[in-house]
Amino acid sequence: MPLRLGRRTYADDALLVMAIINRTPDSFYDKGATFADEAALAAVDRAIAAGADLVDIGGVKAGPGDDVDATEEIRRVAPFVVAVRAAHPDLVLSVDTWRADVARVCLAEGADVVNDAWGGVDPELAGVAAAAGAAIVCTHVGRAAPRTRPHRVAYDDVVADVVATTIALADQAVAAGVAAESVLIDPGHDFGKNTWHSLEVTRRLTELVATGWPVLVSLSNKDFVGETLDRAVPDRLTGTLATTAVSAWLGAKVFRAHNVQETRETLDMVAAIKGDRPPAATRRGLA
């Protein structure tokens, strides 16, 4: 079925860029570069100009760090949702939160998607999304608690666990009232996984695609890329784009990214190779 996010419906062959907008002072990637309102709004404008289809706004760093309660998370995110919605009325807005209370406020202010990056830890979250007519991302985290790093995690078959968990979360979301065409699944690279696990999930991504749920991947500058190539965070773009291209070829649909223009061009190239997108210009050998 076609994917529906907010008022937008996307064709089966669409490859979507979800731009990351961090409303945190301690992001692993940008170190708080978009914590201030003006800088964050400018980042949204740049992302749209670079080809983003939607933006994902997060108010809590994914990894360990200072405690951020629900009140502070709402303070960081909800007014910003209002500002982005006013500036870009037709833009699809996602909120990266595992808390139902935060999602409820942000959806009321104009968000369209709940990106539940911690795998259903709050059982009320899907119902909140359903009540607002919003979409939801169902993520595999290997039963990890929010903001924790994996430690000696093991699976008999990591992909089988990812498939079973995300299908169960997707089914629960639909049972809670979320429209089936507005549910995505995310294998959760790095979350509850070591580098071997994330590489295997990527290699076997077709098994997730075969479930029929649209697959979102969050690959951008992650540790599994850094460890694979022995690169620090500022030097992980090449590995990220290689993984993006492979994931797109294997059937992923939505790509959460820091580097929007590079990701957009990578996806457009894959789409053209697959025959789903014409080249932007065809002069060679024809003039």
Inset, instruction - Sort through Leu267, Leu219 and tell me the only one that's crowded, with 18+ Cβ neighbours inside 10 Å, aliphatic (A, V, I, L, M), touching a helix residue (DSSP H, G or I) at 6+ places or on another chain (Cβ under 7 Å) and under 17 Å from His140 (Cα atoms). - result: Leu219
Inset, instruction - Output the residue which, of all residues in region 117-154 that are β-branched (Val, Ile, Thr) and in contact with an Asp or Glu (Cβ under 8 Å, 6 or more places away or on another chain), is surrounded by the fewest Cβ atoms within 10 Å (Cβ to Cβ). - result: Thr139
Inset, instruction - Considering only region 206-241, state which residues are over 18 Å from Phe191 (Cβ atoms) and either in a loop (DSSP other than H, G, I, E, B) or in contact with a strand residue (DSSP E or B) (Cβ under 9 Å, 6 or more places away or on another chain) (or both). - result: Val209, Ala210, Thr211, Gly212, Pro214, Asp230, Arg231, Ala232
Inset, instruction - Quick one: which residue in Val260, Val270 is under 26 Å from Gly58 (Cβ atoms) and aliphatic (A, V, I, L, M)? - result: Val260
Inset, instruction - Spot the failing condition for Leu169; the list is (1) more than 17 Å from the chain's Cα centre (by Cα); (2) surrounded by 14 or more Cβ atoms within 10 Å (Cβ to Cβ); (3) not small (Gly, Ala, Ser), and only one is missed. - result: (1)
Legend entry - Residue pairs meeting the criteria (Cβ under 6 Å; at least 6 apart or on separate chains; first among the hydrophobic types (A, V, I, L, M, F, W, C), in region 29-51; second part of a loop (DSSP other than H, G, I, E, B)): Phe35/Pro25; Ala40/Thr34; Ala43/Thr34
Inset, instruction - Just give me the residues in region 135-161 being over 24 Å from Asp26 (Cβ atoms), more than 16 Å from the chain's Cα centre (by Cα) and either touching a residue at least 60 places away in the same chain (Cβ under 8 Å) or in a helix (DSSP H, G or I) (or both), in sequence order. - result: Val158, Val159, Ala160, Asp161
Inset, instruction - Write out, first by first residue and then by second, each pair whose Cβ atoms fall under 6 Å of each other, whose residues are 6+ apart or on separate chains, and whose first residue, in region 255-267, is over 12 Å from Leu237 (Cα atoms) while the second is among the small types (Gly, Ala, Ser) and part of a strand (DSSP E or B). - result: Arg256/Ser218
Inset, instruction - Output the residue which, of all residues in region 111-133 that are small (Gly, Ala, Ser) and under 18 Å from the mean Cα position of the chain (by Cα), is nearest to Ala257 (Cα to Cα). - result: Ala117
Legend entry - Verdict on Ala86 being assigned to a helix (DSSP H, G or I) and over 27 Å from Ala180 (Cβ atoms): yes
Inset, instruction - Inspect all residues belonging to region 100-107 and state whether any of them is buried (at least 24 other Cβ atoms within 10 Å of the Cβ) and either part of a loop (DSSP other than H, G, I, E, B) or free of Cβ contacts under 8 Å to residues at least 24 places away in the same chain (or both). - result: no
Inset, instruction - Answer yes or no: is there a residue in region 54-76 that is at pLDDT 95 or above, touching a helix residue (DSSP H, G or I) at 6+ places or on another chain (Cβ under 7 Å), farther than 23 Å from Thr139 by Cβ and not in a strand (DSSP E or B). - result: no
Legend entry - Residue count, region 52-93 (criterion: among the small types (Gly, Ala, Ser) and farther than 24 Å from Arg149 by Cα): 5
Inset, instruction - Take region 242-269 and flag every residue that is within 28 Å of Val174 (Cβ to Cβ) and either part of a helix (DSSP H, G or I) or modelled with pLDDT under 95 (or both). - result: Ser247, Ala248, Leu250, Leu267
Legend entry - Residues being surrounded by fewer than 20 Cβ atoms within 10 Å (Cβ to Cβ) and in contact with a His (Cβ under 8 Å, 6 or more places away or on another chain) - total across region 1-29: 1
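The values are calculated or read from the model by the stated rules, or taken from the named source; none is laboratory data. In this text, all values refer to a predicted model and were calculated from it rather than measured experimentally. Here Cβ is always computed from backbone atoms with ideal geometry, including for glycine, and neighbour counts include all displayed protein chains.
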